[in-house]
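The values are calculated or read from the model by the stated rules, or taken from the named source; none is laboratory data. Quantities reported herein were computed from a predicted structural model and do not represent experimental measurements. Because the Cβ atoms are built from the backbone with ideal geometry, glycine has one as well, and the counts that use them run over all protein chains shown.
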Amino acid sequence: MSKDFDVCVIGSGAGGGPVALTLAEAGYSVVVLEKGPWLREADFCKDEIAACRRSTYTPNLRDERHVLEQQDDDGAWQAESTLQSGWDFWNGNMVGGATNLMSGFFHRMKPVDFRLRSELGPVEGGNVVDWPIEYADLEPYYDRVERRLGVSGRVVAHPQQEPRSSPDFPFPPTAEHPVSARIDRACRELGYHPLPVPRAILPFPALGRLGCAYTDYCGSYGCSTGAKGSSRAALLDQAVRTGRCTVRPRSMATRLASDQQGRVEALEYLGDDGRRRRLDARVYVVACQAIETARLLLMSPGPRHPRGLANGSGQVGRNLLFSSGGAGGGDLRYAGLDPVEVAGLKTRGVFVNRALQDWYLFTDPRTGARTKGGTIEFLFRHSNAIAQADAQKRDPEGNLIWGKPLKDRIKGYFTEGRHLRFEVFSDWTPVDDCHVTLDPEERDRWGLPVARVRLGYHPRDLELGRRLAPRAAEVLERLGAVNVAWGVSPAPPQNLVAGGCRFGRDPATSVLDPHCRAHEADNLYVSDGSFMPTGGSVPYTWTIYANAFRVADRILADLGGVRAA
Amino acid sequence: MNRRDFLRGTSLAALSAAAPRAGTGTEPRGQVLDAHGWQTLALVQDHLLPSEPGAPGSSDIDAIGYLDRVLADPDMDPETKTFVLQGVGWLDDLAMEQAGRPFAELDPGPREDLLRGIGERPAGERWLSILIGYTLEALLGDPLYGGNPGGIGWAWLEHDPGRPRPTPETLYGRLGKV
């Protein structure tokens, strides 16, 4: 019986784009459903109010939201709708998803990340496991992302450098700020090994897109030139040009229907006219970002899937991952610097692009044990003017300031120096109390249960952040920064989310097989970050893109390989 | 959030239910703010971000017009909107109790004392923080939103806004919403 499409991809972000492109190029018909609108380069501008202070790229919380559970001081779990708390847990719903808004700091995971359990042992109270694949299995796909998406950078030898099949990135680094050389010097004086940070940003026109315009407003903003490696600009536009990929924006998946044998037989969704629709395909690929992917599966029970699609193991939604770490910063004051140094510091648009991975894996001096640490990244505070001014309205004790004292503080902040920051990325230990379920009561505007996310964390992750942040602070102090401060918080960054549908060999403890096909439904794949059993100490996006290409190759093989023209 | 939270720590005995309102006629009013709310909040904003030579303040950037439009946004959180509007009444209640006149009729010194008192309570502090936030949006947001005329806020802080700038078609609320 013929299907509407060969492949149905649900979600157009980092997980969906590679699958759509690979299969469309190979001669298969692909439909990509995206809940949000199809915005393009001409729609993007650097409007702080629209992009960052209102929900332009995310749903109205009155229509759709999450329920978040956190522990109170007595250890009891308290649930609160994000409509009440205002803690928006959405990430960018539009064609290309959150990759339109990312900063594109790209790091590979390293070999140890695939074997945390074997190499470093279990973590008490955590669910650390090995991956069912090795770094070597994913390496060719990291490489493919470099070439197809466009990753710019410069490989430098350092003690934690992961193996590479190519000697360097296909594109040289984006232009760097004068402070980057100073960071290099400070790090080396401290005995550390500064790295240029790879970026999913084209430094000049290539791959049919324009290069970076160095506007100084990258993260949280859509890219008006197409230089940023969003799934849309870099992959889906090409997929559509094959003539075999259909993108349906404003189309929200509501349920995957399955038959008596447990195979997916149709996708039910709301079309852009708000009407219920249905389509079918030979293969279904879910890539809605971890929380919403788990939610869709849980909302899709069937005759052979009573607990939700592919959830016989009860693992769907479990072992959700965020990123741990911390953040801090300090002020580089112009006073006392010569005019050339001041002019250098005042430079805008170009990137700092510096990181340290000296403690990615280190020996704990207190225990002698090998310990997973993390990545430290240096960057200027985001250029958003309103946010920076608003940050001046509290004194160091947290008291509100107004009037002339506030104006003086704002003026000084903007004109007397630059605020250099650092972010620490360390592993989020998977725990039982970090998971996604369907809320028993809260419904979205279409009557569907919203995702309820329990935000438990492992205290070890906080301790790690507290050990790494001072190393970064040291570098800032070495640079002559003043007011250096940092903090570690258990509050998870909602833009760094993975897990919820672990891959593995054992169907009792995983949702997906090593190729990210559902153990219990052989025409269902999950290609977003849900597959990750552990996180690594880096932002996930490059790994998600790479794995999605790997999953795409498997789907291609399952369908019979490249079709003759 | 209620009046008691806003004013806790002050004597509630002499609070009146309704402070005298400004007369009708030619006083400015907005889409949401009545004439009294407009006048009072404009004065609060002037106090939070005063105008100085060479350094723009609320009256230079139409902060009150901007705030009124924010309150008129259909997607504004209703609780926050109610809270901002109710705060005007509570502010006047406290002014009447402590100084016998509404906020708008006080001199700057007593106004500062009043705001200090409010700022010591969590709800009052939140009210002031919200107003500062929107005033800073009026100072540094794109001029197409009606504040920051000619970019004077940016110029004061030597800030270069990102490009491309928004157009009327891509402003918040105009672009196809998610």
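All but one of (1) surrounded by fewer than 21 Cβ atoms within 10 Å (Cβ to Cβ); (2) at pLDDT below 95; (3) within 30 Å of A:ALA42 (Cβ to Cβ) hold for B:ASP107; state the number of the condition that does not hold.
It is condition (3) that B:ASP107 fails.
For (1) modelled with pLDDT under 95; (2) touching a Gly at 6+ places or on another chain (Cβ under 8 Å); (3) surrounded by 13 or more Cβ atoms within 10 Å (Cβ to Cβ), each residue gets a yes or a no:
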residue	(1), (2), (3)
A:TYR141	no, no, yes
A:LEU149	no, yes, yes
A:VAL155	no, no, yes
A:GLU162	no, no, yes
A:SER165	no, no, no
A:THR174	no, no, yes
A:PRO178	no, yes, yes
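Here is a check on your reading of the model: is A:ASP390 free of Cβ contacts under 8 Å to residues at least 12 places away in the same chain, within 22 Å of A:SER85 (Cα to Cα) and not β-branched (Val, Ile, Thr)? Before you say what the answer is, go through the steps one by one.
Details: free of Cβ contacts under 8 Å to residues at least 12 places away in the same chain: yes; within 22 Å of A:SER85 (Cα to Cα): yes; not β-branched (Val, Ile, Thr): yes.
Yes.
Kindly evaluate A:PHE204 against the criterion of being farther than 26 Å from A:ARG418 by Cβ, in contact with a strand residue (DSSP E or B) (Cβ under 6 Å, 6 or more places away or on another chain) and at pLDDT 95 or above.
Answer is no for this residue.
Can you pull out the residues in the range A:182-196 that are over 28 Å from the mean Cα position of the chain (by Cα) and not in a helix (DSSP H, G or I)?
A:LEU190, A:GLY191
Would you point out the residue of the range A:316-343, among those that are outside any loop (DSSP other than H, G, I, E, B) and among the hydrophobic types (A, V, I, L, M, F, W, C), that is farthest from the chain's Cα centre (by Cα)?
A:VAL340
Kindly evaluate A:SER510 against the criterion of being outside any loop (DSSP other than H, G, I, E, B) and polar (S, T, N, Q).
Spelling it out, it is not the case that A:SER510 is outside any loop (DSSP other than H, G, I, E, B) and polar (S, T, N, Q).
Any residue in the range B:72-85 that's of a type in the set (Lys, Arg): show its pairings with residues that are surrounded by 15 or more Cβ atoms within 10 Å (Cβ to Cβ) and assigned to a helix (DSSP H, G or I) at Cβ separation under 6 Å, as long as the two are six or more apart or on different chains.
Cβ pairs passing all conditions: B:LYS81/B:LEU71.
If a residue has to be surrounded by fewer than 17 Cβ atoms within 10 Å (Cβ to Cβ), in a helix (DSSP H, G or I) and either at the interface with chain A (Cβ under 10 Å from one of its Cβ atoms) or of a type in the set (Phe, Trp, Tyr) (or both) to count, how many in the range B:113-123 make the cut?
Residues that pass the stated criteria total 1.
Which members of the range A:131-181 meet the condition of being part of a loop (DSSP other than H, G, I, E, B), under 30 Å from A:ASP506 (Cβ atoms) and in contact (Cβ under 8 Å) with a residue 40 or more places away in the chain?
Of everything in the range A:131-181, those that are part of a loop (DSSP other than H, G, I, E, B), under 30 Å from A:ASP506 (Cβ atoms) and in contact (Cβ under 8 Å) with a residue 40 or more places away in the chain turn out to be A:TRP131, A:PRO132, A:ILE133, A:GLU162, A:PRO163.
Which residues, counting only those in the range A:414-453, are of a type in the set (Lys, Arg), within 14 Å of chain B (Cβ to nearest Cβ) and surrounded by fewer than 18 Cβ atoms within 10 Å (Cβ to Cβ)?
A:ARG445
Looking only at the range B:139-159, count how many residues are facing chain A (nearest Cβ under 7 Å) and either at pLDDT below 95 or within 30 Å of A:PRO249 (Cβ to Cβ) (or both).
3
Filter the range A:227-268 down to the residues that are surrounded by 24 or more Cβ atoms within 10 Å (Cβ to Cβ) and closer than 30 Å to A:THR174 by Cβ and list them by number.
Scanning the range A:227-268 gives A:ALA227, A:LYS228, A:GLY229, A:SER230, A:SER231, A:ARG232, A:ALA233, A:ALA234, A:LEU235, A:LEU236, A:ALA239, A:CYS245.
Suppose we filter A:ARG445, A:ARG421, A:ARG452 for residues that are outside any helix (DSSP H, G or I), within 30 Å of A:GLY75 (Cβ to Cβ) and in contact (Cβ under 8 Å) with a residue 12 or more places away in the chain; which single one remains?
A:ARG452
Just checking, does the range A:106-113 include any residue being within 17 Å of the chain's Cα centre (by Cα), under 22 Å from A:THR215 (Cβ atoms) and of a type outside the set (S, T, N, Q)?
yes
Just to be sure before I move on: is A:PHE378 in contact with a Phe, Trp or Tyr (Cβ under 8 Å, 6 or more places away or on another chain), over 19 Å from A:VAL155 (Cα atoms) and touching a residue at least 40 places away in the same chain (Cβ under 8 Å) in the structure I sent?
No, not satisfied.
Quick one: which of B:LEU91, B:LEU85, B:LEU67, B:LEU33 is modelled with pLDDT of 90 or more, more than 30 Å from B:TYR172 (Cα to Cα) and within 15 Å of the chain's Cα centre (by Cα)?
B:LEU91
Going by the structure shown, is A:ARG250 at pLDDT 95 or above, part of a helix (DSSP H, G or I) and of a type in the set (Lys, Arg)? Before the answer, list the steps.
On the way: at pLDDT 95 or above: yes; part of a helix (DSSP H, G or I): no; of a type in the set (Lys, Arg): yes.
Taking the combined requirement at face value, the residue does not satisfy it.
Is it true that some residue in the range B:124-135 is in contact (Cβ under 8 Å) with a residue 24 or more places away in the chain, at the interface with chain A (Cβ under 7 Å from one of its Cβ atoms) and buried (at least 16 other Cβ atoms within 10 Å of the Cβ)?
Checked the range B:124-135: at least one residue is in contact (Cβ under 8 Å) with a residue 24 or more places away in the chain, at the interface with chain A (Cβ under 7 Å from one of its Cβ atoms) and buried (at least 16 other Cβ atoms within 10 Å of the Cβ).
Quick one: count up the residues across the range A:394-405 that are within 14 Å of B:HIS47 (Cα to Cα) and either under 34 Å from the mean Cα position of the chain (by Cα) or more than 7 Å from every other protein chain (Cβ to nearest Cβ) (or both). Walk me through how you get there before you give the answer.
Just the residues of the range A:394-405 that are within 14 Å of B:HIS47 (Cα to Cα), to begin with: A:400-405.
Then keep just the ones that are either under 34 Å from the mean Cα position of the chain (by Cα) or more than 7 Å from every other protein chain (Cβ to nearest Cβ) (or both); that gives A:400-401, A:405.
Summing the residues that are within 14 Å of B:HIS47 (Cα to Cα) and either under 34 Å from the mean Cα position of the chain (by Cα) or more than 7 Å from every other protein chain (Cβ to nearest Cβ) (or both) in the range A:394-405 gives 3.
Kindly provide the set of residues from the range A:80-112 that are closer than 30 Å to A:PRO122 by Cα and outside any loop (DSSP other than H, G, I, E, B), ordered by number.
Matches in the range A:80-112: A:PHE105, A:PRO111, A:VAL112.
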